[in-house]
């Protein structure tokens, strides 16, 4: 590692900070796009005191509630950024997300149910133990304003009706060209870094030459937003997803239609597949009204169509997510169907991973090499969730095969399918057994706790501790395995603060800083941190007032001796750990210094303030 600080952070950047950064840069970071990626990045950067400008070519935010499932990790991000409670006011609560139904129509006979999103008797305890946050259902029409409003309140500048035209980056920064769509004026903004959160047709990803692998437009789906009071069909069995298996309508690749509750119980989305080779489907008001009435099972249903659209199933992810001073994330780098509810969650986590690294680089706490770990850590996650979402679509086939509606006279009817499934015959018994097995398979979509929380980072921002490779005790897609291994998310455990209130280990770490976590016997670590006196490092001594462990939950979760230590990154991931006791402050300081210098790719020095 170079000992020359200016070689690492860049001589030009250091001179700019020593002089007047406002004269060299109009802002620190320009973000193109106001979706979950852009909004989370802007909120985090503004919270960290970074000058941020976010632009959107549109006049306002999301006009459709497309993304909605908000998993525990995404809610933890909201919690860290101080907006969890506000988000809950706009959400369908966890318990009301409820069962997922497989039925012939909302009014008709059910075929099967699955307790989903961790709400079921068999899984809810795991979800409660894994996080201080529950899952929530927050439509994108509510999530985007929440993120953008709070980012603006914390100092981010937001420009709507502002089209991104292009950029030019050099050794010292990025010049971004923009167009005010209202006035027609073109202008440029000089920034240190650029974030491309500009969606699945990302201009920025194309400009920096990101290699995207996979397939596009595998299947077509029609979505219709509508209003209708369906409470009489669903209020007694709350659920946000109802899969309809009915041959009276054509349902494409999956063979099922969908009714998704946006707001209980009068705002909905109806979805069904279509043959993309045959062109766009008939989406006239008459056609979609008839289709919705079939899905609901009410031929006289009064409804109001709000909007219609089509989308295509993609299976793509980027092999890298940055080039130089330009970074992409979210749908710009991973494109997939909404199955498994992973889309906006992954977008938000991309941004959360990137934001603290940019903040540390801008403030001079870290060298440029830290920024390279963004791509290293997030590319495997993007590949994983793209594969999982597409596999979840394929996993409907066994369920569909259990409901054979062939009436034997050239027609298909619900009655024929139900008769086979309910027959008191060997064939009926076999079908019911297969139906149970098909339901179990759908846990990989609807109760995939491990997919959501088991991400492990391997990069230069994680220091291995020399322990053997991790082995998962249960299926790593279905079950979360908390661990303090470097590269894993810090486990949640309840502590008690000085006032007697419960606080999570996630509450006393994060928030834009590194955290050194040790026990009462770890006074050497506390002394070491005091000696280093770094503005971005806090010490958490579990057992001291404010961090009591009366339940002994942390003692069970820490996987170290009491006088061992963990170094937790601002994004909540363990960067380094010392398993055994260290008693001398000199040794602790040497180990801590080496770990931080490795992770941050710079010698520990107090940098010149960014502004």
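The values are calculated or read from the model by the stated rules, or taken from the named source; none is laboratory data. Because the structure is predicted, anything quoted here is derived from the model rather than measured. All Cβ positions, even for glycine, are placed from backbone atoms using ideal geometry, and neighbour counts span all protein chains on display.
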Under 6 Å between Cβ atoms, which residue pairs at least 6 apart in sequence (or on different chains) link something in segment 64-81 that is closer than 23 Å to residue 337 by Cα with a partner that is part of a loop (DSSP other than H, G, I, E, B)?
65/139; 68/139; 70/138; 71/135; 72/131; 72/133; 72/135; 75/133
Taking the conditions exactly as written (surrounded by 16 or more Cβ atoms within 10 Å (Cβ to Cβ), in contact (Cβ under 8 Å) with a residue 60 or more places away in the chain, within 19 Å of residue 345 (Cα to Cα) and not assigned by TED's automatic domain parsing to the domain that holds residue 564), does residue 449 satisfy them or not?
yes
May I ask you to list the residues in segment 115-131 that are surrounded by fewer than 20 Cβ atoms within 10 Å (Cβ to Cβ) and either touching a strand residue (DSSP E or B) at 6+ places or on another chain (Cβ under 9 Å) or at pLDDT below 95 (or both)?
115, 120, 121, 122, 123, 124
Being in contact with a strand residue (DSSP E or B) (Cβ under 9 Å, 6 or more places away or on another chain), buried (at least 19 other Cβ atoms within 10 Å of the Cβ) and either within 26 Å of residue 240 (Cα to Cα) or touching a residue at least 24 places away in the same chain (Cβ under 8 Å) (or both) narrows it down to one of 383, 389, so name that one.
389
Residue by residue through segment 79-109, note down the ones that are closer than 30 Å to residue 512 by Cα and in contact with a helix residue (DSSP H, G or I) (Cβ under 7 Å, 6 or more places away or on another chain).
81, 83, 84, 86, 87, 90
So residue 112, is it surrounded by fewer than 22 Cβ atoms within 10 Å (Cβ to Cβ), touching a helix residue (DSSP H, G or I) at 6+ places or on another chain (Cβ under 6 Å) and either in contact (Cβ under 8 Å) with a residue 60 or more places away in the chain or not in a loop (DSSP other than H, G, I, E, B) (or both)
yes
Could you tell me which residue of segment 561-583 is modelled with the lowest pLDDT, considering only residues that are surrounded by 21 or more Cβ atoms within 10 Å (Cβ to Cβ) and over 24 Å from residue 377 (Cα atoms)?
582
What's the number of the only condition in (1) assigned to a loop (DSSP other than H, G, I, E, B); (2) modelled with pLDDT of 95 or more that residue 177 fails to meet?
(1)
Suppose we filter segment 161-175 for residues that are out of contact with any helix residue (DSSP H, G or I) (no Cβ under 8 Å at 6 or more places or on another chain) and in contact (Cβ under 8 Å) with a residue 24 or more places away in the chain; how many remain?
5
Among residues belonging to segment 132-158 that are out of contact with any strand residue (DSSP E or B) (no Cβ under 8 Å at 6 or more places or on another chain) and in a loop (DSSP other than H, G, I, E, B), point out the one that is nearest to residue 70 (Cα to Cα).
134
